Each structure stands twice: as C-alpha cells, then as structure tokens.
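Every read-out reported here was derived from the displayed coordinates using simple, explicitly stated rules and does not represent laboratory data. All values derive from a computational prediction rather than experimental measurement. Every residue, glycine among them, receives a Cβ derived from its backbone with ideal geometry; neighbour counts consider all protein chains shown.
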Amino acid sequence: MALNLEDKKTIVAEVSEVAASAHSAVAAEYRGLTVDEMTDLRAKARNSGVYLRVVKNTLVRRAVEGTEFECMQDSLVGPLILAFSQEDPGSAARLIKEFSKGNNKLITRVIAIGGEVLPADQLDALSKLPTRDQAISMLMAVMKAPVEKFVRTLNEPTAKMVRTFAAVRDQKQAGA
C-alpha cells in the first residue's frame, strides 16, 4: 500500500510523539512471521504497555530526530518492527524476549535506552530491569530494614529477660 505525503506526515508525527515519551526502544526483524503471530505479538504489546509499530525505516529516522532515540538511526536496516516502552524501561525488551522464546523468527537488531544504542545481546539485561512497582517495593524494603533491625535490638533485652525467667520457672517446676 503506497502512502501519500499526508499519511507519511501523520505516521512520523505519531511515532515522534511516542518516542518523545518512551523509556526505551527495541527494533526487531520480523521476517518470516505469520499474520497470526504478528496479531498475537500486537495483542501482548497492548496488554503490557508497549507501543508496537511496523514503519518504514526512512520514516522512523525522521520521527526519532530530536529524541533520545536519534542514536539508533544508522542501525535501522531491513524489515523492522519497533517496540517503545511506555510504562517502564524493560517492558519492550520483556515483550520481545518472551515472544522470541516461542518464535525464533523475531530477531532483535537494535536496542536504545537513555540516548545510547546497546548491542542486541543486551536484550536479556534490559528485560530484567524491574518495573516501577518492583523498584518501589525494593526501595521500601531497603529503607525499612534498618528500622526493623533497630526495633529488634531494642526489644532483645526484655525478650532475653522473659526467656531467662521462663527457664528459671521451668527449672523450678522440674525440680519440685
């Protein structure tokens, strides 16, 4: 399907808007995927907060100008599907990694995060980044640990005294 100039401008504006607010991007070669597999991938992307789009590379190059994904312009070669993480930095990488497990035709080509292009083998590392909720819970656990230890330390002398009295009581009851 040939695109006219207005359609191209619309696509560039849409991808540019998404790229401006995205945390990370993954470009993967989709050559050999069936329509059903692509539909399944798109459904999983919608459910995980990932913007997924097949766009001509020339249009993507224009769309990412002025964004932190401008660094990936030179690496856009061949039929690629773009996945932009909207919610957390690792969501697009998790989506592509999980889908690639069951389908070896989806091959990661370019990963970009924080204005840097990463090698494709870094997909696993990016997919293991915690979600926002996981990061907050890890931070809370780290912040809570010293307070819990302090409270246990304050409580230990009285607990030890209670255990000592209980041992003395048990000893007297056993001896009587």
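For the reader, a short list of remarks on this structure follows.
- For Q134, the shell of other residues with beta-carbons less than 13 Å away shows a net charge of 0, using +1 for Lys and Arg and -1 for Asp and Glu.
- Projecting the Cα positions of V147, T164, G175 onto the charge dipole of the stretch 130-176 (unit charges on Cβ atoms of Lys, Arg, Asp and Glu, taken about the Cα centre) puts G175 furthest along the positive direction.
- Span from the the stretch 32-46 Cα centroid across to the the stretch 115-176 one, whole angstrom: 43 Å
- Other residues lying with their Cβ under 12 Å from the Cβ of V55 contribute a combined charge of +3, Lys and Arg counting +1, Asp and Glu -1.
- Cβ crowding within 10 Å, taken as a proxy for footprinting-reagent exposure, orders S75, S48 from fewest neighbours to most as S75, S48.
- Loop-located trypsin sites (Lys or Arg not before Pro) in the stretch 1-73, at most 13 other Cβ atoms within 10 Å (DSSP): R31
- Dipole in debye (nearest 20) - the chain, about Cα centre, beta carbon charges: Lys, Arg +1; Asp, Glu -1: 880 debye
- Here r is the Cβ-Cβ distance between L3 and E87 and R0 is 22 Å; the resulting FRET efficiency, rounded to 0.05, is 0.15.
- Ascending count of other beta-carbon atoms within 10 Å, so fewest first, for I136, I111, I81: I136, I81, I111
- Per-pair calculated FRET efficiency, R0 = 35 Å: D121 and A141 via Cβ, rounded to 0.05: 0.70
- Cross-link partners of K101 among lysines (Cα-Cα below 21 Å; sequence separation of 8 or more within a chain): K44, K128
- Cα gyration tensor category, rounded, prolate or oblate, for the stretch 81-176 with a/c compared to 1.5: prolate
- Taking every alpha-carbon pair under 8 Å whose residues sit at least 6 apart, the chain reaches a relative contact order of 26 percent.
- If the segment from E148 to E17 were pulled out straight at 0.36 nm per residue, it would be longer than the present Cα-Cα gap by 42.6 nm.
- The packing ranking of peptides 93-99, 122-128, highest mean first, is 93-99, 122-128, where packing means the average number of other beta carbon atoms within 10 angstrom of each residue.
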